[in-house]
Amino acid sequence: MSDILSRIQRKLAEYQATPEGFGNSLRHDVAMLIVDRLEELGWHQRDLARVLGKPDSFISRLIHSDSNCTVETIGEVCHALGIKPLITARESRPTTALHAETRVPVIEATGDSHGEEEIVESESSHAFVSIAHT
């Protein structure tokens with residue numbers, strides 16, 4: 001049984017290191033951002049859907065990571081929720097020599113949707129992007 005679990009964990013780690021795995025993780029981060037903010041506001045999915053003028057199923061698909069969405073869509077959702085996303089980078093392990101030498105610009109914007117923001121640009125290798133609100 002332990003051998004099966006080890007193989008599953010290894011396969012999962014391999015998947016998470018792929019571009020598809022990165023995308024899946026990012027979709028999950030966006031979904032958790034939405035869920036957390038809905039709870040903070042005491043809203044239901046249908047409340048957000050009405051504010052956006054979208055069907056309830058649209059919000060459900062975002063939360064359940066069933067579909068890709070554009071950066072513009074994420075922006076619309078965050079605006080409706082009264083938050084400004086903060087994009088940060090976490091280190092990931094390089095999978096090839098090409099990745100090891102790639103430099104990825106990282107831009108951080110801080111502040112809320114009503115305040116001033118500060119933008120900081122730096123470079124990081126092997127960046128993994130996540131979204132959190134401030």
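Below are the figures for this structure:
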quantity: Distant-in-sequence amide H partners of Leu86 (H built 1.01 Å from N, under 5 Å); calculated: Ala132, His133, Thr134
quantity: Charge context of Arg27, other residues only, Cβ under 14 angstrom, K/R +1, D/E -1; calculated: -2
quantity: Relative packing of peptides 78-90, 19-31 - highest average C-beta neighbours within 10 Å first; calculated: 78-90, 19-31
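None of the figures in this text is laboratory data; all of them are computed from the coordinates on show. Just so you know, these numbers come straight off a predicted model, no measurement behind them. Backbone-built Cβ (ideal geometry, glycine too); neighbour counts: all protein chains shown.
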